[in-house]
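Here the structure comes first, spelled out in structure tokens, and everything after it is commentary.
Please treat every number below as a calculation from the coordinates, not as lab data. Computed from a predicted model, the values in this text were never measured in an experiment. Reconstructed Cβ throughout: ideal geometry from the backbone, glycine too, with neighbour counts over all protein chains shown.
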Amino acid sequence: MQIIKNKQAGQSTDPQAGQPLSGLQGEAFYLQWLTRQCEQIAGIHAGLLAIKSPEHGIFQPVAIWPGVMPEIETVSELIEQVIEDQSPLVTHLNDSDDEPLLAIAHPVIVKTALMGVAVLILDGRSDSVIQAAMRQLQWGISWVELSLLRETLNTKQDEQQRLSTAVDLLTKVLAEPHFDAAAMRLVSELAVVMQCDLVSLGFVRDGSVTVCHLSHSAQFTKRMNLVRSIESAMDEAVDQGRIIALPVESTDGLIIIAHQALAKQHQGESILTVPLYHDGQCVGAITFQRAEDKPFSNHEAQYCESATALAATALEEKRLNDRPLWRKALESGKTQLHRLLGPGYLGRKLTAITSLSCILFLTFATGENRLSAEAALATVMQRVVVAPYDGYVRDATVRAGDEVKEGELLVALDDRDLQLEKLRWSSHQNKLSRQYQEATADYNRARVNIIAAQLDQARAQINLVESQIERSRQEAPFNGLVISGDLSQRLGGPVSKGEVLFEVSPLDAYRVDLKVPESRIADIALGQTGMLHLSALPGEPYEFVVDKITPKTLSEDGATWFIVEARLQDEAAQLRPGMEGIGKVELGEDKLVTIWTRDLLAWLRLKLWMWWA
């Protein structure tokens, strides 16, 4: 705590000595109270009352009796001790036997808070006098405590009143839908409440304040000398960031040249300018003008500051909302550019640098354009082994999945009936041969011709039976893989003529069937190369070349797919027909952004065409 020592109050001769204490306030009350306390105590030499300043938080002497306080240094130390202990204290000021002095200090406590200290200096030779002085001081302190409490309550009531009035004013401002109406309502209400001749409202534009509205005037000329003088006064308050009131007792470092010029222009008047703040920045000012005989008090200045502080935010929001769209965009762009190029906003700068780098990368970076499509492995050709006639399975040495070599037996049918049939026709042929010889010997030309025809028929039947016996053993037409057929469970069972027994495909002749979406079929051309990745062999890519675009289509899941055939460049023993995977066709080099957004742009173009069609 600090104590201001060089303070002198009124003299012991008080012009208000005859008034009751309840009718006094401030320093007059404290001086009158101290005077009455000192007059009621015998042997008193001096008295002092120090009260804590609510503004600065230091203890200041507000009353000294009889006008001069002896031993001021000792008394200051005593007050500091009482402030520290917050309890009454009695101490000797000197050790003189002729005139010993005693100091009594008593704290003034309001609601557990130390608000002041009262000090009395009196003759210390009589204990009864000391006790009476202490008792009188304890009783009298309650008056000071009551006065301080009353001042606190009055201050709170004033604050509540100012806040209530400010809220009412804010409500009226918010009720207006647009900025101009709200600003006019604000200055008009303030002119009535503050009893002003003119209230002006201005906002900062391009570094200086421009008057926007005047009370009791819907329109005014910007070139009026009055308006220019008011704007200069507003600039003066905004630049200093302080409230300026004229007339003023002490400038206290304030520059009031523009305010003095404005007052002189109107033959002297009281002026008050209050800066307006929004989000910590001064956005404008409001100037009050009234007659010279009605100067603005501190209470009125505080009220104006409170009222305008609440209304300023609402006005600024309405002003920003009422701007044209192009102006909002322009000012927003300026703000964002200032934040981007100015100090601070590190995250915004890093985001901008990253975005710019991405844009440059997407603009100039290129990559290999590939078309991905579902792929299936199929054989170039496929041989079907069928039953040559109706018969029964005698032997089956292979089944689906077995590799076979050319000439290897696949299935053998039961040929016993054929052998008997061959024997029957052979016997019949021998019989006809003897008859032919007899007819020749008899020179029976007609019979010779008939028997010759029958011999031809017998030989044809024998050839037919031999052919069927030969075809009863079906062999592999080439080296390949049996992809379908299993007769191991049908040994001895019947088969019908033309029934498919096996399907054999070669091991070194495969093609790739690609399912290309309808929207990408235009990107496919003959001779394009690509890579095939099979699900069964993901680590071994196979190169292929597109050699046929078929008109065959598939419809699946609401989409249409074209079948494109490609030829494998490399063969591998582990490949099998029916394997599936992904085939990627090389389309050439293109920009990455084009590659990544192709499908999206195609979809957008189609939708736009549908909307505009």
Study note, to complete from the structure: Each label sits 7 Å from Cα toward the beta-carbon; between L330 and E27 the label points are separated, in nm, by 5.6 nm
Review point. Tell me, how many Å apart are the Cα centres for region 228-279 and for region 499-527?
Key: 91 Å
Review point. How far apart, in nm, are the 7 Å Cα→Cβ label points at L423 and V167?
Key: 12.6 nm
Exercise for review: Quick one: plug the Kirkwood hydrodynamic radius of the chain (C-alpha pairs) into Stokes-Einstein at 20 °C, 1.002 mPa s, and report D in µm²/s.
Suggested key: 56 µm²/s
Review point. Using alpha carbons only, how many degrees (0 to 90, rounded to 10) separate the axis of helix 298-321 from the longest principal axis of the chain?
Key: 20 degrees
Study note, to complete from the structure: Toy charge model, Lys and Arg Cβ at +1, Asp and Glu Cβ at -1: the chain dipole around Cα centroid in debye, rounded to 20, equals 3060 debye
Study note, to complete from the structure: Computed for region 383-487: size of charge dipole around the Cα centre, +1 on C-beta of each Lys and Arg, -1 on C-beta of each Asp and Glu, debye to nearest 20, value 560 debye
Exercise for review: Work from the charge dipole of the chain (Cβ charges, +1 for Lys and Arg, -1 for Asp and Glu, about the Cα centre) and give the residue of A602, Q336, Q32 farthest towards its positive end.
Suggested key: A602
Review point. What does the convex hull of the alpha-carbon atoms of region 176-322 project to on average, in nm²?
Key: 8.4 nm²
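Rank-order 81-87, 320-326 by packing density, defined as the average count of other C-beta atoms within 10 Å over each peptide's residues, highest first.
On the way: 81-87: 14.6, 320-326: 10.7.
Sorting 81-87, 320-326 by mean packing, highest first, produces 81-87, 320-326.
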Revision key, fill the gap. For the chain, the longest principal axis of the Cα atoms and the Cα long axis of helix 325-341 enclose an angle in degrees, to the nearest 10, of 90 degrees
Practice item. Would you mind putting 443-450, 259-266 in packing order, based on average other-beta-carbon counts within 10 Å, highest first? Key: 259-266, 443-450
Point to revise | Selection from L432, V500, L481 lying farthest towards where the dipole of region 412-516 points positive, charges on Cβ | key: L432
Point to revise | 0 to 90° range, to nearest 10: angle between helix 225-240 axis and the chain longest Cα axis | key: 80 degrees
Review point. What net charge is computed for the residues neighbouring A453, neighbours being all others with C-beta under 14 Å from the C-beta of A453, Lys and Arg scored +1, Asp and Glu -1?
Key: +2
Revision key, fill the gap. Here the relative contact order (percent) of the chain, from C-alpha pairs under 8 Å and at least 6 apart, is 10 percent
Exercise for review: Output ³J(HN,Hα) for region 182-193: one whole-Hz value per residue in order, computed from phi by the Karplus curve 6.51 cos²θ - 1.76 cosθ + 1.60 with θ = phi - 60°, and x for Gly and Pro.
Suggested key: 5, 5, 5, 5, 5, 5, 5, 5, 5, 5, 6, 5
Review point. So for region 317-469, what percent of the C-alpha to C-alpha distances run longer than 24 Å?
Key: 73 percent
Revision key, fill the gap. Per residue, the convex hull enclosing the Cα atoms of region 509-612 spans a volume in Å³ of 135 Å³
Exercise for review: Determine, for each peptide in 429-438, 339-348, the mean count of other beta carbons within 10 angstrom over its residues, then list the peptides with the highest first.
Suggested key: 429-438, 339-348
Check your understanding: Using +1 on the beta carbon of Lys and Arg, -1 on that of Asp and Glu, and nothing else charged, what's the dipole of region 176-322 about the Cα centre, debye to 20?
Key -> 360 debye
Check your understanding: Between G202, A460, Q138, whose Cα lies farthest towards the positive end of the dipole of the chain when Lys and Arg beta carbons carry +1 and Asp and Glu beta carbons carry -1, centred on the Cα centre?
Key -> A460
